[in-house]
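Structure, as structure tokens:
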Amino acid sequence: MSTTISPSPGNFALPLYASKLVPAPVTFLMCPPKLYDVSYVINPWMAGHLHDSSQVVAAEQWQHLHNAVTEIAEVVLVEPEPGSPDMVFTANAGLEREGVVVLSSFSHKERQGEEQHFRRWFHQAGYTVLSVPHETPFEGEGDALFAVDGSRLWAGYGPRTLQSSHRYLSEAWKIEVAPLHLVDPRFYHLDTCFAPLEDGSVMYYPPAFDKASIDRIEACYAEDKRIIVTEADALRFACNVININRTVILNEVSRELSGQLKLRGFRVVEVVLSEFLKAGGAAKCLVMRLSGATH
Ligand code: ARG
């Protein structure tokens with residue numbers, strides 16, 4: 001898609017959407033699963049699945065997801081790198097807003113090699129890249145989700161991201177960070193158990209949080225805005241949802257949950273992502289949201 005208009009007198013090649021007539025397209029960063037594998041165990045999902053995923057099936061499932069995402073957004077790709085089998089989970093590359101990326105500082109050495117690859121990609125794409133020290137791990141969009149009205153940044157901590165990293169996020173965007181403590185090792189990233197949706201509701205699995213965090217969520221979302229996910233759906237990564245406007249893209253979930261989402265007016269697109277569940281990720285982990293303005 002063309003993002004510029006040709007220069008002419010009185011027309012300074014502004015991006016099309018800078019005219020405010022056309023909203024900026026949402027862009028997602030994805031990484032083809034050519035080198036994807038479960039080659040170590042850093043979360044409970046990976047245990048028992050070492051080298052147990054099929055390259056062919058993973059490629060097919062990823063392609064279905066890619067097709068679904070390109071229907072609602074732009075997609076840009078980063079090439080996978082040898083030695084970084086989890087690079088497909090681009091949500092963990094960092095967190096971006098307004099052209100600024102806070103790059104992840106991975107908790108486990110197994111994923112730290114990805115940082116240089118993502119740093120290079122963001123630099124080449126023209127983003128301002130900020131770093132977080134290794135003493136204070138931060139795992140990107142996997143653990144940090146903007147409220148849809150932009151009023152605050154919901155930030156998970158515990159299994160991976162440390163709460164001490166949150167100040168780098170509030171400094172980067174001058175935004176209030178609302179900390180959420182993750183207490184169930186199966187839901188080790190915030191995006192595995194919490195999803196603010198664009199109609200002003202929130203989907204979440206309460207037992208993944210401590211009491212203070214549940215209170216914080218409930219203080220921001222009225223009861224009729226809370227979509228409580230069952231354990232069975234949470235284990236299908238139901239909260240790991242890609243949401244643009246009225247479309248939600250997620251792994252297969254129960255008919256009850258997809259029915260609830262449809263009743264709220266969502267178009268529900270289910271994509272089987274079983275090969276990626278073996279590594280502890282699903283739809284939302286496989287994309288990173290970019291504001292797109294720098295492309
Ligand atoms: N195997 C990866 C890890 O444990 C999965 C990452 C899932 N990503 C996410 N955003 N939840 O780090």
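Any read-out appearing in this document is the output of simple, stated calculations on the displayed coordinates, not a laboratory observation. Bear in mind that the values here come from a model prediction, so they are computed numbers and not experimental data. Note that each Cβ is placed from the backbone with ideal geometry, even for glycine, and that neighbours are counted across all protein chains shown.
Sort out which residues of the stretch 88-102 are assigned to a strand (DSSP E or B) and buried (at least 24 other Cβ atoms within 10 Å of the Cβ), and write them in order of number.
Gly94, Leu95, Glu96, Val101, Val102
So which residues in the stretch 59-71 are of a type outside the set (Val, Ile, Thr) and within 19 Å of the chain's Cα centre (by Cα), if there are any at all? Reasoning before the result, please.
Step one: list which residues in the stretch 59-71 are of a type outside the set (Val, Ile, Thr), which gives 59-68, 71.
Passing the criteria: Gln61, Trp62, Gln63, His64, Leu65, His66, Asn67, Ala68, Glu71.
Can you tell me which of (1) more than 18 Å from Ile72 (Cβ to Cβ); (2) part of a helix (DSSP H, G or I) is the one Lys262 doesn't meet?
All conditions pass for Lys262, except number (1).
Tell me which residues, restricted to the stretch 92-119, are hydrophobic (A, V, I, L, M, F, W, C) and closer than 16 Å to Pro159 by Cα.
Phe106
Across the stretch 47-61, which residue is farthest from Lys284 (Cα to Cα) among those that are surrounded by 18 or more Cβ atoms within 10 Å (Cβ to Cβ) and within 14 Å of the ligand (Cβ to nearest atom)?
Across the stretch 47-61, the extreme among qualifying residues is Ser53.
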